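Participant: Quick one: the structure is below, and I'll ask about it shortly.
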Amino acid sequence: MMGKFTDAAVEGNSLSEPKVKFLSYSTHDWTVAQMLLFFSPDFSKFEVLPYASQVILELHSSEDCNFEECFWVEAFYNGWLLSFDGQCEDTSRCTYPEFMHMMQDRGFVNTSTHYDAECAEEWTPPSSE
């Protein structure tokens, strides 16, 4: 979703820009723990996740943003802003390109065609012949 939003803004195509302001996903504590291990932010080691823990990723931009570097990502764990020393120039907010580079460095599989083009084909039942 972040990629679609930044691509539309960079291309100057406000009609294809997603109008989503909020996404919510429900997960289990194991998913939150895996996200924290994957991000490996700069905070002390955790052993037990508190009940209802959460990881929030926010995409921000400056006014009239039309290039990728004016978008930035902030990551929060249970309301605490995560920092990424050595990964981003501003450790508490990575530019969108820095964030995507950090994700790829950690093994996240990313494509330039997005989910819709790669996976969201309409299913058709097999013919009964």
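Each reported figure results from applying straightforward, stated rules to the coordinates on display, with no laboratory input. Here the structure is a predicted model, which is why all the values come from computation and not from measurement. Cβ sites come from the backbone with ideal geometry, for glycine too, and all protein chains shown count toward neighbours.
Participant: Based on other C-beta atoms within 10 Å, arrange THR31, THR124 from fewest to most.
Facilitator: Ascending Cβ contact count within 10 Å gives the list THR124, THR31.
Participant: Can you sort LEU49, LEU37 so the residue with the fewest Cβ neighbours within 10 Å comes first?
Facilitator: Numbers: LEU49 16, LEU37 10.
By the 10 Å Cβ count, ascending, the order reads LEU37, LEU49.
Participant: Right, here's the next one. Would you please put 90-101, 64-75 in order of how densely packed they are, using the mean number of other Cβ atoms within 10 angstrom per residue and starting with the highest?
Facilitator: Result, highest mean first: 90-101, 64-75.
Participant: If you take the charge dipole of the stretch 27-109 about its Cα centre, with +1 on Lys and Arg Cβ and -1 on Asp and Glu Cβ, which of THR27, PHE39, MET100 is farthest toward its positive end?
Facilitator: THR27
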